[in-house]
Structures are given as C-alpha cells and as structure tokens.
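Have a look at the structure below before the remarks.
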Amino acid sequence: MFNPLVHSTGLSYPHRIVSSAWIEHVPFGMTIVELMQPRLLVELGVYLGVSYCGFCQAIDQLGLETRAFGIDTWEGDAHSGYNDPAILDELRAYHDPLYGRFSSLLKSKFHDALDCFDEGSIDLLHIDGYHTYEAVREDYSSWLPKMSSRGVMMFHDIRARLPGFGVWRLWEEIEARHPTFAFDHQYGLGIAAVGSEIPEGLAGLFAAPAEERSKIRLYFSQLGQRLSARLLTDSHDARLRELEALLKSQAPDQALCLD
C-alpha cells in the first residue's frame, strides 16, 4: 500500500512559487525525490524553474547526495511562446546561490546534451520540452539509453488534447510498455518506470489498485490546489499594495474609483 502521508516532503511549501502550468504538480515532484533519492536527476525543459527548483528544494531539504541538471535553450517554442533572455538570468540569480553546489543549469538543446551523460546513469528524468508527438517521442527514445536500471521518466501534459500537442499519444504507447501512474489535474503528469526494476519507494504507487489510485490522485491534486490558491492570494495582495500606493500618491481632492 502506498501512503503519501508517510512522506512529508510533499507537504513543504515550495520556495519558488510563480505562475506555471506545473505548480500543482510540485508536491508530487518533491515527494518522488524523497521516494527515489535519485543519484542523478535531469530535467528537459526548465523555463521558469518551478518544477526544477521544487526538485532541488527537496534534494537540499533531505540532504541527499543527488546531482541535478536542468537543460533548456531558454529560447521558447511555438507552444510555450518565445522567451525574454532575462528569464535565464533571473533563474540563475535565484538558483545558483541556493542549489549551485549540486545542481547545474545547462543552456543547450536536449539532443546536444546527451553526450554529457553516461548510459545507464540517470535515475529520474522529467521531460517537459516541445510537446508535439514527434518531439516528445524523440526525447523519450534518445534519452532512454541514459536511464539506469531503476530509472523513472516523468511526462507533463499527458492529458492536454490541444492543437499540435502529442504527449497524450506517446503516453498511450508508454502505458503499454512500462509500469505507470498518471495524474489528471493541471494537464496531467505521467510517471513511468522505464528501467528493468521498479524503485523500492515507488513499488506501492505502481501496484496501487484503482480505488487507491483515485485517492492518491485526489490527495496530490488538493495539495497542488493550495499552491494555486496561494498564487492567487499573492497576486491579489500585490494588486492591493499597488492600489494603496496609488491612493497615497493622489491629491486629497482627487477620487479614485476601485472596481
């Protein structure tokens, strides 16, 4: 039986909370680090660093000897939009002082970074790059030899049936090949044991019957929703501070209409 309450890392508030299509998966992302204690963790598609910094926070919090790499061009694509170069500068300014001793941000195309890793070396790989079927299938196929015998891959947007998106299609193929678990909230997150052995900490998750899987999904979905609620609250608070500052700047005889 898989009992998420035993694993407290997922209950921690992530330090990096910014608007992201991954924010509601951060509690599970931190939990899987606790469950697997990976020797080598790699993320393909970092962007603002919400998922990646969640992984790094868990590594740091647990005092693990994990080596981590976040790989991205930080140029964007047709699905996510094209990025301001300042995004990487801001992320480095946040990431490096906190996690630089065990984590590296690599500005590279995914395929070009393959030579940086030995075959059979990666325990946990998160794939969240360009979301066409052809692109994500190439990511899966080219990085599969790099996975260790206990290797696990994670795929974001497995439930996104949007124009041009094909992760859902690859996920159907992966479900037929490997032990899997899937979350449905926030466009979906798929977890697949692609190595020859299932990591001990994840055995209960992959073996969970349908009713138990529904409870696990609900648990992590609700943990994720509290982060979305906090984002919304923080946004409202920031807007109120802006309005208060504007009010103070107004001449006494001027009226400000607040909608």
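The values are calculated or read from the model by the stated rules, or taken from the named source; none is laboratory data. Treat the numbers as computed from the prediction; the structure is a model and nothing was measured. Counting neighbours? That spans all protein chains shown, and the Cβs are built from the backbone with ideal geometry, glycine included.
For (1) more than 20 Å from the chain's Cα centre (by Cα); (2) under 30 Å from residue 15 (Cβ atoms), each residue gets a yes or a no:
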residue: 161; (1), (2): no, no
residue: 168; (1), (2): no, no
residue: 186; (1), (2): no, yes
residue: 210; (1), (2): yes, no
residue: 214; (1), (2): yes, no
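Restricting to the range 163-185, what's the tally of residues that are assigned to a strand (DSSP E or B) and surrounded by fewer than 19 Cβ atoms within 10 Å (Cβ to Cβ)? Don't jump to the end; show me each part of the working.
Filtering the range 163-185 for residues assigned to a strand (DSSP E or B) gives 180-183.
Filter again for surrounded by fewer than 19 Cβ atoms within 10 Å (Cβ to Cβ), leaving 182.
The number of residues fulfilling the criteria is 1.
Every residue, every condition in (1) closer than 30 Å to residue 210 by Cβ; (2) hydrophobic (A, V, I, L, M, F, W, C); (3) touching a residue at least 40 places away in the same chain (Cβ under 8 Å), yes or no:
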residue	(1), (2), (3)
13	no, no, yes
19	no, no, yes
25	yes, no, yes
41	yes, yes, yes
62	no, yes, yes
71	no, yes, yes
88	no, yes, no
99	no, no, yes
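Given the structure, is residue 95 modelled with pLDDT under 95 and not small (Gly, Ala, Ser)? Before the answer, list the steps.
Numbers: modelled with pLDDT under 95: no; not small (Gly, Ala, Ser): yes.
No; evaluated as a whole, the condition is false for this residue.
Step by step: first the residues of the range 128-158, then only those that are among the hydrophobic types (A, V, I, L, M, F, W, C), within 22 Å of residue 65 (Cα to Cα) and touching a helix residue (DSSP H, G or I) at 6+ places or on another chain (Cβ under 8 Å), then the one that is surrounded by the fewest Cβ atoms within 10 Å (Cβ to Cβ). Which residue is that? I'd like the intermediate steps shown before the answer.
So the first thing to find is which residues in the range 128-158 are among the hydrophobic types (A, V, I, L, M, F, W, C), and the list is 135-136, 143-144, 147, 152-155, 158.
If we keep only those that are within 22 Å of residue 65 (Cα to Cα) as well, we get 147, 152-154.
Right, trim to touching a helix residue (DSSP H, G or I) at 6+ places or on another chain (Cβ under 8 Å) and you get 152-154.
Values: 152: 28, 153: 24, 154: 21.
Once the filter is applied, the top-ranked residue is 154.
If I ask for residues that are surrounded by fewer than 21 Cβ atoms within 10 Å (Cβ to Cβ), among the hydrophobic types (A, V, I, L, M, F, W, C) and assigned to a loop (DSSP other than H, G, I, E, B), which ones from the range 1-47 would you list?
Residues satisfying the conditions are 1, 2, 17, 18, 21.
Just one of 196, 228 is part of a helix (DSSP H, G or I), hydroxyl-bearing (Ser, Thr, Tyr), out of contact with any His (no Cβ under 9 Å at 6 or more places or on another chain) and more than 18 Å from residue 2 (Cα to Cα); which is it?
Working: 196 fails: part of a helix (DSSP H, G or I).
Testing whether each residue is part of a helix (DSSP H, G or I), hydroxyl-bearing (Ser, Thr, Tyr), out of contact with any His (no Cβ under 9 Å at 6 or more places or on another chain) and more than 18 Å from residue 2 (Cα to Cα) leaves just 228.
Is there a residue being among the acidic types (Asp, Glu) and part of a helix (DSSP H, G or I) anywhere in the range 139-160? Before you say what the answer is, go through the steps one by one.
Taking the range 139-160 as the starting set, the residues that turn out to be among the acidic types (Asp, Glu) are 139, 157.
With the extra rule that they be part of a helix (DSSP H, G or I), the set shrinks to 139.
Yes: one or more hits.
If residue 120 satisfies all but one of (1) at negative phi; (2) in a loop (DSSP other than H, G, I, E, B), what's the number of the condition it fails?
(1)
Of the residues in the range 109-137, how many are within 19 Å of the chain's Cα centre (by Cα) and of a type in the set (Phe, Trp, Tyr)? It would help to see each step written out before you state the result.
Keep residues of the range 109-137 that are within 19 Å of the chain's Cα centre (by Cα), which gives 109-110, 122-132, 135-137.
Restricting the remaining residues to those that are of a type in the set (Phe, Trp, Tyr) gives 110, 130.
Of the residues in that region, 2 qualify.
Here is a yes/no grid of residues against (1) under 20 Å from residue 34 (Cβ atoms); (2) of a type in the set (Ser, Thr, Tyr); (3) at pLDDT 95 or above:
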| residue | (1), (2), (3) |
| --- | --- |
| 171 | no, no, yes |
| 222 | yes, no, yes |
| 235 | no, yes, no |
| 240 | no, no, no |
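Please go through (1) within 25 Å of residue 13 (Cβ to Cβ); (2) among the hydroxyl-bearing types (Ser, Thr, Tyr); (3) modelled with pLDDT under 95 for residue 51 and return the number of the only condition it doesn't satisfy.
For residue 51, the failing item is (3).
Given 198, 174, which one is of a type in the set (A, V, I, L, M, F, W, C), over 19 Å from residue 20 (Cβ atoms), in contact (Cβ under 8 Å) with a residue 24 or more places away in the chain and out of contact with any Ser or Thr (no Cβ under 9 Å at 6 or more places or on another chain)?
Answer to the check: 198.
Examine the range 55-62 for a residue that is over 12 Å from the mean Cα position of the chain (by Cα), more than 29 Å from residue 5 (Cβ to Cβ) and either not in a loop (DSSP other than H, G, I, E, B) or not hydroxyl-bearing (Ser, Thr, Tyr) (or both), and state whether such a residue exists.
No; the residues of the range 55-62 include none that is over 12 Å from the mean Cα position of the chain (by Cα), more than 29 Å from residue 5 (Cβ to Cβ) and either not in a loop (DSSP other than H, G, I, E, B) or not hydroxyl-bearing (Ser, Thr, Tyr) (or both).
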